[in-house]
């Protein structure tokens, strides 16, 4: 956070004393952090420390331009924390010029209409003070005043006062229209995300999810930004796609989406951090592990080789060697062929050897993942497809079963243990011979 502001400050100062201050160095200035850094902050478990560092980097006076540059609305997961920070931002925006119009959008999102009314009382210098004092004294829970606020919002759109128009849409309790103004007129989906989460007081609100589905995802695919797409899928509870989008070609994922993606940009494969994020997320939740099992071995193999090439171009040959040496490819689960399970490496297996072997599309919970005590169950286990077809019944005369005294071997239960989450309990079924009860033993 602090390095972002330091680099921007240096980029805006004269190059050197020898230049005599003639040519300002503005070419290296960045408007915001990279989405990569924001997504790492989102998956962090130290949001409190990150927020404190962000406020300290702004010298304790964070405005909305600072919050947008740092991606506060993207990586802050707690709605209550976001509301507190938005209120601080609104106060700081007002204190710059003591202009109530600069903070109305955020205060209206928080539902503090009376506070804005009191701020207008102190703005005697503003030419709109009289009109706003009279208008804000009304009860906006009534339908007539909601309609009046919406009419004023459309009038402000005609005057190209877009941010103030969005504020009046919130005053008229039309969150959807306010969000559309932020996205289409202001071109700022971060502002739309912030006010949607604050107004709906949830990360599951319909307007917020609509922003992710119809704005963030198309933008991510258009720019080829895998980081942003992974974040959107994660919040949409499509965490299998959140993992797959880091590795799989973007064109292959378009068919799995519920939205129309007309333009797909050049994917960003030249970032070694993608491999690190993929390794961190692929077994974090049950749904993410399912998405990992749906990635073909050849795609993952090519992905690792590409990241290794990037390391070599960066001069980090040791890191490239360590990556290809230590990368763990999840073993494919046994395949279901003609109703029977086939073990890996059997002579009847016609599949090519690893890493070109494709994992099953059906999810099987591997023993290594079953041992993880920290994995989060984020999907309905009972809704998983069956991992094995029922055995056919034998046609013919019934033969009474013969009880054998030999010990049952564990090999017959091997595939039941690997068959998937729905068949885990099969491994607990064992035939136990019960001795016959004899009353004569007591006499």
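Values quoted throughout were computed directly from the atomic coordinates according to the rules given, and no laboratory measurement underlies them. What you see is a predicted model, and the numbers here were worked out from it, not measured in a lab. Because the Cβ atoms are built from the backbone with ideal geometry, glycine has one as well, and the counts that use them run over all protein chains shown.
In plain terms, the residue of 207, 96 with the fewest other Cβ atoms within 10 Å comes first and the most crowded comes last, giving 96, 207. Rounded to 0.05, the FRET efficiency of the residue 96 and residue 46 pair, given R0 = 30 Å and the Cβ-Cβ distance, is 0.50. In terms of other Cβ atoms within 10 Å, 115, 33 run from fewest to most in the order 115, 33. For residue 328 and residue 133, the difference between the fully extended length at 0.36 nm per residue and the C-alpha to C-alpha distance is 63.7 nm. The fewest-to-most ranking of 231, 327, 120, 125 by surrounding Cβ atoms within 10 Å reads 125, 327, 120, 231.
In this simple spin-label approximation, residue 313 and residue 53 carry label points 7 Å from Cα along the Cα→Cβ vector, and these lie 2.8 nm apart. When the Cα gyration tensor is reduced to axis lengths a ≥ b ≥ c, the ratio a/c is 1.5 or higher for the range 200-290, and with a/b not above b/c it is classed as oblate. Using the alpha-carbon centroid of each, what span in Å lies between the range 287-303 and the range 29-106? That distance is 35 Å.
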